[in-house]
Amino acid sequence: TARLTTRDIQNLKRRGEKIAMLTAYDYVTAGLLDQAGIEMILVGDSLGNVVLGHETTLPVTLEDMIRHAGAVHRGTRRALIVVDMPFGTASDPETALRNAVAIMQRTGCQAVKIEGGATVAPTVARLTEQGIPVVGHIGLTPQAVHQLGGYYRHGKTAPAAQKLIDAALALQDAGAFAIVLEMVVPELAGEITRLLDIPTIGIGSGPECSGQVLVVNDLIGLNVDRTPSFAKPKADVASVIRRAVGEYVAEVKAAEPAKAKGRALADG
Ligand code: KIV
Ligand code: NA
């Protein structure tokens, strides 16, 4: 089966069918998501928090993203793979183009995602005119956490809502083929979804988006600490792992020493 394309994804919205997207960072997980029928996989810079144990996404580098995106691509056959452009790598159109070309050439993935509103539109236009599909990302943009001063819901006031609407339209006009809405007031996310021709992919933004994305660890319950409140885990993989490891530890410790031939069994 051929891989899904950006047009396939856009056709899902046209047909009124919701789009299912998850993050993945490695070969095995990506392969399982692909086998289970996920349509889009995001190699998110949430890699920084989820896989690398950082507080924020800011330490994630282009090389980190390329290594993990390659693994995700190698693990999949059908899903459309989107790669996050990490902090500082899309700071202007030419820088973004150079870095997006590296991602496309070295990973085999089909699209990149860039955080930011209307000011990012020229960068989106530059990439799309070079044949690189781009996903926008507005609302809570974690790369700007130090400027935002925390992780909270966006679009609560009328001016803030209007700014998000304008940003969504500017990104669509610039050629983005989809837009992630993170932690956007649900009613506003619905309004933006109806205004746009291209699909919206929501996370913590209510049910009215064209599709949904989650960090895969939050879906399967594979975290050592926090899980965001909007994520409703459908499995408890952390417990499965802890139990298996606990059994292994107990088994190793309880094992009878092997009968050494002719030699004394114990030293003391
Ligand atoms: O990095 C990420 O996982 C993301 C999604 C949460 C949208 O950008
Ligand atoms: Na991200």
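Nothing in this text is a laboratory measurement; each read-out follows from the coordinates by a stated rule. Every value quoted in this text rests on a predicted model; they were computed, and no experiment measured them. Don't worry about glycine lacking a Cβ; one is built from the backbone with ideal geometry, like all the others, and counts go over all protein chains shown.
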Cα gyration tensor category, rounded, prolate or oblate, for the range 1-152 with a/c compared to 1.5: rounded
Listed residues V60, T89, A71: farthest to the positive end of the dipole of the range 37-145 (Cβ charges): A71
Taking the chain and dividing mean pair separation by its residue count, relative contact order in percent (alpha carbons under 8 Å, at least six apart): 15
The chain, Rg to Rh (Cα coordinates; Rh as Kirkwood inverse mean 1/r): 1.09
Check: the chain dipole with +1 on Lys, Arg Cβ and -1 on Asp, Glu Cβ, in debye: 740
Model label zone, R77; criterion: amide N under 18 Å from point 7 Å along Cα-to-beta-carbon; scope the range 9-49: 27-41
Mean projected area in nm² (Cα convex hull; one quarter of hull surface) for the range 129-268: 15.6
Fraction of beta bridges assigned by DSSP in the chain that are antiparallel (%, nearest 5): 5
Mean ellipticity per residue at 222 nm, deg cm²/dmol - from DSSP H runs of n ≥ 4 across the chain, formula -39500 (n - 2.57): -12500 deg cm²/dmol
